[in-house]
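Novice: Below: one structure in structure tokens.
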Amino acid sequence: MLNSLLSPNTQWVLLSTLILGMAAGMIGCLAYWKRQSLMSDALSHAALPGVVIAFALTGSKNLLVMILGAAASALIGAWMIQWIRTSSRIKEDTAMGMILSVFFGLGIMLLTIVNRTSGGNQSGLDNFIFGQAASMVRKDVVTMLILAVLVILVISIGFKEWKLFLFDPDFARGLGLNSRLMNTLYMGVLVLVIVIGIQAVGVILMAAMLIIPAVSARYWTQSFKMMVILSAVFGGGAGFVGTLVSTMGKGWPTGPFIVVASSVLFTISLVFGAEKGLLIQALQLRSQKKEHRDAGSQTVLGPRISERGSNQ
């Protein structure tokens, strides 16, 4: 473990998944309040065909090219979800489920075809299913870091605008905030986080990296700003710990370990959360029952005391 930590490549990978987890946690808060948590799952699965097609066209595993292919595929999936919702009576969650299944099935089919070609079975494209951070080289890590920091800056700089966009869109329009531009920007940063994380976490489990930190943070605070900060901390911590554990074994996929680390944080938040944790709720319920019993006993004793006074 010590030798692994001292490796420069391991340190770069740990830094990249730490920053990626922070970016995913922050954009996950936006998806949580827009009630589009399933959208992240649909778009992460929709990105797989783009990854495979980008590799098939270039013949090399260039992360930047694959990110562009994944982004194009995910954006097409997002557009198709919107088109299905507006042109039919199908609800948004149903449309998301349809696109998720169709695009992921197409991606697996293309992946199988590419793996049967010469050199395809040595491409390492299977790592995009469950993620394999250890397979990234320094160039891949730098690309991921730059894009993840860009997402964090977009969320941080425009925090007030995001808050208005999510909680009071009518007031935001009155101030001149373009809702269509904000929706486009939201979808852009969501797709960007997904496509830069699929090599480390995988297309199947990338949604968990977006959703779980935001939900965990919700158990600790009622403040949106504090929720974003906590979600970034939880996401970054889970990314760092999960990647660290996965580097200890040979060929261990990164995504499952990151999800397990996120699940541990969620369990702790569920039980001990300061706002909505089960323990706090149980203590509050116990206190309310005690107050109710005390109030009831005082109500019963009051008439009895007055009756005794009148009899005397």
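Per-residue answers, yes or no, for (1) under 20 Å from Ile113 (Cα atoms); (2) open to solvent by 40 Å² or more (accessible area, probe 1.4 Å); (3) among the hydrophobic types (A, V, I, L, M, F, W, C):
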{"position": "Ser16", "(1), (2), (3)": "no, no, no"}
{"position": "Gln36", "(1), (2), (3)": "no, no, no"}
{"position": "Ala47", "(1), (2), (3)": "yes, no, yes"}
{"position": "Val51", "(1), (2), (3)": "yes, no, yes"}
{"position": "Lys61", "(1), (2), (3)": "yes, yes, no"}
{"position": "Trp83", "(1), (2), (3)": "no, yes, yes"}
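Yes/no matrix, rows are residues, columns are (1) over 25 Å from Ser44 (Cβ atoms); (2) of a type in the set (Lys, Arg):
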{"site": "Ala133", "(1), (2)": "no, no"}
{"site": "Asp140", "(1), (2)": "no, no"}
{"site": "Met144", "(1), (2)": "no, no"}
{"site": "Ile152", "(1), (2)": "no, no"}
{"site": "Ser156", "(1), (2)": "no, no"}
{"site": "Lys160", "(1), (2)": "yes, yes"}
{"site": "Asp170", "(1), (2)": "yes, no"}
{"site": "Met187", "(1), (2)": "no, no"}
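Novice: In addition: So if I check each of Asp126, Asp93, which one is open to solvent by 60 Å² or more (accessible area, probe 1.4 Å) and closer than 24 Å to Met248 by Cβ?
Specialist: Among Asp126, Asp93, only Asp126 is open to solvent by 60 Å² or more (accessible area, probe 1.4 Å) and closer than 24 Å to Met248 by Cβ.
Novice: Moving on to the next point. Can you say whether Ser101 is open to solvent by 10 Å² or more (accessible area, probe 1.4 Å), farther than 24 Å from Val142 by Cα and at pLDDT below 90, as far as the supplied structure shows?
Specialist: no
Novice: Go over the candidates Gly242, Gly235 one by one and state the one that is part of a helix (DSSP H, G or I) and within 19 Å of Leu150 (Cα to Cα).
Specialist: Gly235
Novice: Continuing with the same structure: Out of (1) surrounded by fewer than 20 Cβ atoms within 10 Å (Cβ to Cβ); (2) under 21 Å from Val151 (Cα atoms); (3) without any contact (Cβ under 8 Å) to a residue 60 or more places away in the chain, the odd one out for Thr221 is which?
Specialist: Single failed check for Thr221: (2).
Rundown of residues vs (1) at pLDDT 85 or above; (2) open to solvent by 30 Å² or more (accessible area, probe 1.4 Å), yes/no style:
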site	(1), (2)
Arg138	no, yes
Met144	yes, no
Leu147	yes, yes
Ala172	yes, no
Leu190	yes, no
Ile194	yes, no
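Novice: Please specify each residue of region 252-278 satisfying the condition of being open to solvent by 60 Å² or more (accessible area, probe 1.4 Å), of a type outside the set (A, V, I, L, M, F, W, C) and not in a helix (DSSP H, G or I).
Specialist: Within region 252-278, Glu275, Lys276 qualify.
Novice: Follow-up question, since we're still on this one. Do we have Arg180 as out of contact with any Phe, Trp or Tyr (no Cβ under 9 Å at 6 or more places or on another chain), among the basic types (Lys, Arg) and more than 26 Å from Leu230 (Cβ to Cβ) here? Let's see the steps before the verdict.
Specialist: Working: out of contact with any Phe, Trp or Tyr (no Cβ under 9 Å at 6 or more places or on another chain): yes; among the basic types (Lys, Arg): yes; more than 26 Å from Leu230 (Cβ to Cβ): yes.
Criteria met by Arg180.
Novice: Restricting attention to region 37-64, report how many residues are modelled with pLDDT under 85 and in a loop (DSSP other than H, G, I, E, B).
Specialist: The total comes to 4.
The values are calculated or read from the model by the stated rules, or taken from the named source; none is laboratory data. On a predicted model such as this, the values are computed, not experimentally measured, just so you know. Here Cβ is always computed from backbone atoms with ideal geometry, including for glycine, and neighbour counts include all displayed protein chains. For the accessible areas, the whole protein counts, side chains as well, though only heavy atoms, and no ligand, DNA or RNA atoms are used. Shrake-Rupley method; radii C 1.70, N 1.55, O 1.52, S 1.80 Å.
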